[in-house]
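Participant: First the structure, then my questions, so here it is.
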Amino acid sequence: MESIGWGILATGKIAHAFARDLALTPGAHLAAVGSRRLSSAQAFAEEYGAAAAHGSYEDLVADPAVDVVYIATPHALHLDNARLAFEAGKHVLCEKPLTLATADAEEMVRLAGVHDRFLMEAMWTACHPVVRALRERLRAGEFGTPRHLHAELGFRVDAPPEDRMLNPELGASALLDMGIYPLTIAHLLLGPAQQLTAAGDLSDRGIDLDIAVVGRYAGGALATMTASMTSYSSRACEIATDQGRIRFDDFHHPTEAVFTPHAPGPGSWVVEPGEPVVVVGEEPIIGQGYGNEIAEVGRCLRESLRESPLVPHDQTLTLLRQMDELRAQVGVTFPG
C-alpha cells in the first residue's frame, strides 16, 4: 500500500479533529467520508479534501477507494457500524470505548476474525510516543518502582439533554468518555488492575457525571483516578516511585514527562530533589496525537497484522471489563 485510503464514518466533532491529523500523517489519505446526511458529508469532504462524500454509511463502506474505516459515531452505535464495515471487507479503527459493554466488544473482535480484518480501538494514549517511551523506561527500572499513580481528566459539559455526552441512550458517561484515559494510563504504566473500587455522582437520568476510582495493581502499587463532566480538572498525571516522582502536566496531550529524583537530606523527613530527567518520544507527535494511532494502523496493515501490539484486543477488553464493573458499582445502566 503506497498510501492507505481512509473512510471516516460520521462527521461529528471528533471526526474533524481526526481528519486534521490524518492530513499530517505520511502514507495516509482521506478517500471518503460518510454521513446520514449527504449535505454534511459534502461539507466535510470539501473542508478536508476527501475524494468522495456519501450520504449513507452503507455507501461509504462500499467505496472501493476506502481501505480502512474510522468509526466516529457515539459508543452505542459502534458495533453495528463495525459490522457494516467488516461485511464490506474493510479494516476498522473504532473510537473509544469500543462498545458500551464487554460482550459487544467481544462480538466485534469475533467479527473481525470471521472476516479476517484488522481491528483497533482508537486509544491514542497507547500509541503516544511520550507514553511509550516512559513505559519502556519504567519497565527497565530506570526511575525506580512505581508505588502510586494519580490521574484526572474532566471538563464541564454544557450541552442539551439529547447530546451524546448527556444522553444515556447514546452511552453518556464520565467514565466512558473521560475515565477511560486515567484507567488506560494506569494500565500501561502499572499493569492490569487487581482490584478497582468506585464512587460516583449520577445525573437525574442515571448517568455518571463524576466518578472517582481507587485501584490496586501488581506489587501493591495503588492508583487514584477521577473523571468529571461537571468541573475542570488539571489533566495531570503523577507517578510516585521509590526513587522520585514522574509528572505529566497534561497526560491527555503530553509533550513530555519529567522524572525528578529524590534523595534524603539532612534532618528528619527531609528529601532533596535532584536534576530532572525529561522524557520525550523517539518519534514525533503527529498533530494532536490522532496521527500516531493512524500511523500505527498503517504500519499494521502494511505488515498484514490483524491487531496492533500497542493496542491489542486483550488490552481493550480488559479495560472494558473494568468499566463494566465500575459502572455496576456506581449504579449506571444503559437502556436496552
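Participant: Any chance you could count how many residues in segment 107-124 are closer than 24 Å to I14 by Cα, assigned to a helix (DSSP H, G or I) and open to solvent by 40 Å² or more (accessible area, probe 1.4 Å)?
Facilitator: 0
Participant: Within segment 136-172, track down each residue that is touching a helix residue (DSSP H, G or I) at 6+ places or on another chain (Cβ under 8 Å), more than 24 Å from C94 (Cα to Cα) and of a type in the set (D, E, K, R).
Facilitator: Matches in segment 136-172: R147 only.
Participant: Counting just the residues of segment 134-173 that are part of a helix (DSSP H, G or I) and at pLDDT 95 or above, which one comes out surrounded by the most Cβ atoms within 10 Å (Cβ to Cβ)?
Facilitator: By that ranking, first place goes to L134.
Participant: A further question follows. Tell me which strands (runs of 3 or more DSSP E) are completely within segment 174-274 and hold 2 or more residues being under 15 Å from A151 (Cβ atoms) and among the basic types (K, R), or say none if there are none.
Facilitator: Counting at least 2 such residues, we get 244-248.
Participant: Looking only at segment 285-321, count every residue that is in contact with a strand residue (DSSP E or B) (Cβ under 6 Å, 6 or more places away or on another chain) and not aliphatic (A, V, I, L, M) and tell me the total.
Facilitator: 3
Participant: Also, quick follow-up: Looking at Q315 and the list (1) surrounded by 20 or more Cβ atoms within 10 Å (Cβ to Cβ); (2) farther than 22 Å from A140 by Cβ, which single condition is not satisfied?
Facilitator: Going through (1) surrounded by 20 or more Cβ atoms within 10 Å (Cβ to Cβ); (2) farther than 22 Å from A140 by Cβ one by one, Q315 breaks only (2).
Condition check ((1) touching a Phe, Trp or Tyr at 6+ places or on another chain (Cβ under 8 Å); (2) modelled with pLDDT under 95; (3) surrounded by 22 or more Cβ atoms within 10 Å (Cβ to Cβ); (4) farther than 18 Å from M229 by Cβ) across all residues:
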{"residue": "L175", "(1), (2), (3), (4)": "no, no, yes, no"}
{"residue": "Y181", "(1), (2), (3), (4)": "yes, no, yes, no"}
{"residue": "G191", "(1), (2), (3), (4)": "yes, no, no, yes"}
{"residue": "T197", "(1), (2), (3), (4)": "no, no, no, yes"}
{"residue": "R205", "(1), (2), (3), (4)": "no, yes, no, no"}
{"residue": "D208", "(1), (2), (3), (4)": "no, no, yes, no"}
{"residue": "V213", "(1), (2), (3), (4)": "no, no, yes, no"}
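Participant: Would you check which residues across segment 286-307 are more than 24 Å from A23 (Cβ to Cβ) and free of Cβ contacts under 8 Å to residues at least 24 places away in the same chain and list them?
Facilitator: Result: S304, single match.
Participant: Yes or no: segment 92-111 includes at least one residue that is more than 30 Å from Q322 (Cβ to Cβ) and not hydroxyl-bearing (S, T, Y).
Facilitator: For segment 92-111, residues more than 30 Å from Q322 (Cβ to Cβ) and not hydroxyl-bearing (S, T, Y): absent.
Participant: Give segment 31-41 a look and list any residue that's open to solvent by 60 Å² or more (accessible area, probe 1.4 Å) and closer than 14 Å to A15 by Cβ, or say none.
Facilitator: R36, R37, listed by residue number.
Conditions (1) open to solvent by 50 Å² or more (accessible area, probe 1.4 Å); (2) at pLDDT below 95; (3) not in a helix (DSSP H, G or I), marked per residue:
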site	(1), (2), (3)
F44	no, no, no
E47	yes, no, no
A53	no, no, yes
E58	yes, no, no
V66	no, no, yes
Y70	no, no, yes
D80	yes, no, no
L84	no, no, no
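Participant: Moving to a separate point now. For a quick check of your reading of the model, give me the residue pairs whose first member lies in segment 130-142 and is in contact (Cβ under 8 Å) with a residue 12 or more places away in the chain, whose second is part of a loop (DSSP other than H, G, I, E, B) and small (G, A, S), with beta-carbon atoms closer than 6 Å and at least 6 apart or on different chains.
Facilitator: What qualifies is V130/G281; A133/G281.
Participant: Return yes or no: is R247 open to solvent by 10 Å² or more (accessible area, probe 1.4 Å), under 20 Å from the mean Cα position of the chain (by Cα) and at positive phi?
Facilitator: The answer is no for R247.
Participant: Among the candidates K13, K96, which residue alone is closer than 19 Å to H313 by Cα, of a type outside the set (F, W, Y), open to solvent by 10 Å² or more (accessible area, probe 1.4 Å) and within 17 Å of the chain's Cα centre (by Cα)?
Facilitator: Going through K13, K96 in turn, just one is closer than 19 Å to H313 by Cα, of a type outside the set (F, W, Y), open to solvent by 10 Å² or more (accessible area, probe 1.4 Å) and within 17 Å of the chain's Cα centre (by Cα): K96.
Participant: All but one of (1) under 22 Å from L190 (Cβ atoms); (2) at pLDDT 95 or above; (3) of a type in the set (K, R) hold for R235; state the number of the condition that does not hold.
Facilitator: (2)
Participant: Just to be sure I understand, how many residues within segment 268-285 are loosely packed, with under 13 Cβ neighbours inside 10 Å and touching a residue at least 60 places away in the same chain (Cβ under 8 Å)?
Facilitator: Of the residues in that region, 2 qualify.
The values are calculated or read from the model by the stated rules, or taken from the named source; none is laboratory data. If you're wondering where the values come from, they're calculated on a predicted model, not measured in any experiment. Glycine gets a Cβ as well: all are built from the backbone with ideal geometry, and neighbour counts include every protein chain shown. Surface accessibility is based on the protein's heavy atoms, side chains included, excluding ligands, DNA and RNA. Shrake-Rupley method; radii C 1.70, N 1.55, O 1.52, S 1.80 Å.
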